[in-house]
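Trainee: Quick one: this structure, given as structure tokens, is what I'll be asking you about.
The values are calculated or read from the model by the stated rules, or taken from the named source; none is laboratory data. Here the structure is a predicted model, which is why all the values come from computation and not from measurement. Here the Cβ positions follow ideal geometry from the backbone for every residue, glycine too, while neighbour counts run over all protein chains shown.
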Amino acid sequence: MNDKQLVISAKGLTKKFGDFVANDHLDFDVFQGEIFGFLGANGAGKTTAIKILCGLSIPTSGDINVAGYDVYTETEQIKSNIGYMSQRFSLYPDLTVSENIRFYGGIYGLGWKEIKQKRKKLIEKLGLVEERNGLISDIPLGWKQKLAFSIAIMHEPKIVFLDEPTGGVDPVTRRMFWDMIYEVSESGTTVFVTTHYMDEAEYCNRVCIMDEGKIVALDTPEELKRNYHAQNMNEVFIKIAR
Amino acid sequence: MINIFQITKKYESTTALDSVSFQVDDGELFGVIGPDGAGKTTLFRIITSLLLPDSGKVMVNGLDVIKDYREIRKITGYMPGRFSLYQDLTVEENLQFYATVFGTSVKKNYDLIKDIYSHIEPFKNRLAGKLSGGMKQKLALSCALIHRPQLLILDEPTTGVDAVSRKEFWDMLKKIQREGITVLVSTPYMDEALLCERVVFMEKAKILAMDSPQGLIKAYSRDLVSVSADDMHRLVVDLRKYPDVNSALLFGHEVHYTSRSGRINKDELINYLQKERHNNIKFRKIKPGIEDRFLELIS
């Protein structure tokens, strides 16, 4: 992976809220096309770090570069070069499938002609031709999540951040979602993903585990399992987070 | 404890529950397993008398959820999926409030909640809205138990919770069950089904199966093999192109493969994968898990 281009570089990333240290000197690099899993117990500091990497929050200290831009001074450039999707916030339920695509295309600064082309391709690919004029609130969660992901990468960002994208999704759709993640990563986009499903941690190229604001492990799933004498990532996680 | 007979509930054009029936025995730890949108929350709202079914009948401890709702509420503790305590009251005030509403006192039933509440007691003067996720959950559970209910109903208590906290939460549920309280819990995590005595699988408003976790796994009918190779993603794609494929799904660091005929010819399959230039192919016959059974049922 070392010959690949660096897309995220964090050295000493620290964020304090008063006396509370949410992120304590995090050091990590993420490469182009990599599927990077970001794990940790609730409250370990994952969301704080993701907000900083997305240009939504300024760190207290550290040298951090995302998609070639500085997180202190170039947050607007960062935002236009990344995609973001979470379980909680993704699409507007009171707009139709088609309207959501148009809206986000506009937000990402795509031209109308380009939006129309991409919209047609996207709707066909996801098999939503009949539902295109239906409200988002009426389509099943699994489809919604796949659509939200497709929209998050519509402007061809260098990195896409997925914050618990498969929470509550049925086991078939969850796997179809990972098929999409692989596809995107093969096309060269970096995928930065959080999940509470430990089997999904196995699908990542590398996994970073956080605990109480610090990185406690960062390696490939194979190496982590070897080092912690564990059968699977669930055992690794429980051994580390205990 | 609970007897559900053919309940149906529709919201405009959507059917949330479609003729659902099952029984939960006294003292059982019973799981309702299914993805979002399966109908779990609607079902629980009907059992707790918060929502009326369009048709069908639900009895809780011999009481009718429509006629006897007042009695049912006295013997039921309910922890909804969304945190619903008073954020602007302190931890202690919330607990006292719930005790008073149910006509009891914190002191009277303290022994029941002691193990859970002791974790948050050091923060008893903190506003509930300022608690961390894990602490909110412990407070909500304490409040649902403070009147010593006969039946505890929890709607997806572990959704969005990390693997370690999930394990702790299930340990707490086991303890509550040992106190003689019937526990009905829903979850989208298939692995948690194994922690229940009996479960129902729900999907698209219907019950797909009801049994003990072991019974569900036993009903699995196909040959199941685990395959792995160096390039896992390409392996899945190639397996799906194999003529006899029924399903090829990633399970952590391996692919679970089943065939249409139900039987699997090892040599032919490995030959095919070698021809597709896969390296380091590993192939073994495995016993199905609970998620394999769910996937078999919905495919």
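Trainee: Looking only at the range B:141-196, which residues are surrounded by fewer than 23 Cβ atoms within 10 Å (Cβ to Cβ) and polar (S, T, N, Q)?
Mentor: Listed by number, the residues that qualify are B:150, B:159, B:165, B:177.
Trainee: Next question. Where in the range A:32-96 are the strands (runs of 3 or more DSSP E), entirely inside, with at least 3 residues that are within 14 Å of another protein chain (Cβ to nearest Cβ) and closer than 23 Å to residue A:218 by Cα?
Mentor: Here the list reads A:35-40.
Trainee: Also, quick follow-up: Within the range A:157-196, how many residues turn out to be more than 23 Å from residue A:52 (Cα to Cα), of a type in the set (S, T, N, Q) and crowded, with 24+ Cβ neighbours inside 10 Å?
Mentor: 0
Yes or no, residue by residue, for (1) at pLDDT 95 or above; (2) out of contact with any helix residue (DSSP H, G or I) (no Cβ under 9 Å at 6 or more places or on another chain):
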{"residue": "A:59", "(1), (2)": "yes, no"}
{"residue": "A:64", "(1), (2)": "yes, no"}
{"residue": "A:67", "(1), (2)": "yes, no"}
{"residue": "A:71", "(1), (2)": "yes, no"}
{"residue": "A:78", "(1), (2)": "yes, no"}
{"residue": "A:82", "(1), (2)": "yes, no"}
{"residue": "A:85", "(1), (2)": "no, no"}
{"residue": "A:88", "(1), (2)": "no, yes"}
{"residue": "A:94", "(1), (2)": "no, no"}
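Trainee: State whether the residues of the range B:176-185 include one that is under 22 Å from residue B:250 (Cα atoms) and either of a type in the set (Asp, Glu) or in contact (Cβ under 8 Å) with a residue 24 or more places away in the chain (or both).
Mentor: No, every residue in the range B:176-185 fails to be under 22 Å from residue B:250 (Cα atoms) and either of a type in the set (Asp, Glu) or in contact (Cβ under 8 Å) with a residue 24 or more places away in the chain (or both).
Trainee: Okay, moving on. Only one residue in A:217, A:241 is touching a residue at least 12 places away in the same chain (Cβ under 8 Å), facing chain B (nearest Cβ under 7 Å) and surrounded by fewer than 22 Cβ atoms within 10 Å (Cβ to Cβ). Which one?
Mentor: Just one listed residue meets the conditions, A:241.
Trainee: Scan the range B:23-45 for residues that are among the hydrophobic types (A, V, I, L, M, F, W, C) and farther than 17 Å from residue B:187 by Cα and report the count.
Mentor: Residues meeting the conditions: 0.
Trainee: Check A:151, A:209 and return the single one that is within 14 Å of chain B (Cβ to nearest Cβ), within 17 Å of the chain's Cα centre (by Cα) and outside any loop (DSSP other than H, G, I, E, B).
Mentor: Exactly one of A:151, A:209 is within 14 Å of chain B (Cβ to nearest Cβ), within 17 Å of the chain's Cα centre (by Cα) and outside any loop (DSSP other than H, G, I, E, B), namely A:209.
Trainee: Within the range A:117-143, track down each residue that is in contact with a Ser or Thr (Cβ under 7 Å, 6 or more places away or on another chain) and within 10 Å of chain B (Cβ to nearest Cβ).
Mentor: Hit for the range A:117-143 is A:142, nothing else.
Trainee: I've got another one for you. Sort out which residues of the range B:94-124 are without any contact (Cβ under 8 Å) to a residue 40 or more places away in the chain, surrounded by fewer than 16 Cβ atoms within 10 Å (Cβ to Cβ) and of a type in the set (Ser, Thr, Tyr), and write them in order of number.
Mentor: The answer is B:100, B:105, B:110, B:118.
Trainee: Can you find a residue that is without any contact (Cβ under 8 Å) to a residue 40 or more places away in the chain and assigned to a helix (DSSP H, G or I) anywhere in the range B:274-287?
Mentor: Yes, the conditions are met somewhere in the range B:274-287.
Trainee: While we're here: Name the single residue that is surrounded by the fewest Cβ atoms within 10 Å (Cβ to Cβ) among those in the range B:37-93 being touching a helix residue (DSSP H, G or I) at 6+ places or on another chain (Cβ under 7 Å) and among the small types (Gly, Ala, Ser).
Mentor: Among residues in the range B:37-93 that are touching a helix residue (DSSP H, G or I) at 6+ places or on another chain (Cβ under 7 Å) and among the small types (Gly, Ala, Ser), the one surrounded by the fewest Cβ atoms within 10 Å (Cβ to Cβ) is B:81.
Trainee: Is there any pair with a first residue in the range A:167-192 that is under 17 Å from residue B:235 (Cα atoms) and within 9 Å of chain B (Cβ to nearest Cβ) and a second that is buried (at least 22 other Cβ atoms within 10 Å of the Cβ) and among the aromatic types (Phe, Trp, Tyr) whose Cβ atoms are under 8 Å apart and which are 6 or more apart or on different chains, and what are they?
Mentor: A:178/A:203; A:182/A:203
Trainee: A further question follows. Looking only at the range B:12-36, filter to residues that are crowded, with 21+ Cβ neighbours inside 10 Å and within 14 Å of another protein chain (Cβ to nearest Cβ); which one of those is modelled with the lowest pLDDT?
Mentor: B:35
Trainee: Looking at A:67, A:49, A:44, can you tell me which residue is touching an Asp or Glu at 6+ places or on another chain (Cβ under 7 Å), more than 30 Å from residue A:139 (Cα to Cα) and buried (at least 18 other Cβ atoms within 10 Å of the Cβ)?
Mentor: Every option except A:44 fails the conditions.
Trainee: Here's another thing I want to ask about it. How many residues does the range B:113-127 contain that are closer than 22 Å to residue B:166 by Cβ and either of a type in the set (A, V, I, L, M) or part of a loop (DSSP other than H, G, I, E, B) (or both)?
Mentor: The number of residues fulfilling the criteria is 5.
Trainee: What number of residues within the range B:162-205 are more than 24 Å from residue B:60 (Cα to Cα), in contact with a strand residue (DSSP E or B) (Cβ under 8 Å, 6 or more places away or on another chain) and of a type in the set (S, T, N, Q)?
Mentor: Total satisfying the criteria: 0.
Trainee: Given the options B:248, B:209, name the one that is touching a residue at least 12 places away in the same chain (Cβ under 8 Å), farther than 30 Å from residue B:42 by Cβ and not in a loop (DSSP other than H, G, I, E, B).
Mentor: Selected residue: B:248, the only one of B:248, B:209 that is touching a residue at least 12 places away in the same chain (Cβ under 8 Å), farther than 30 Å from residue B:42 by Cβ and not in a loop (DSSP other than H, G, I, E, B).
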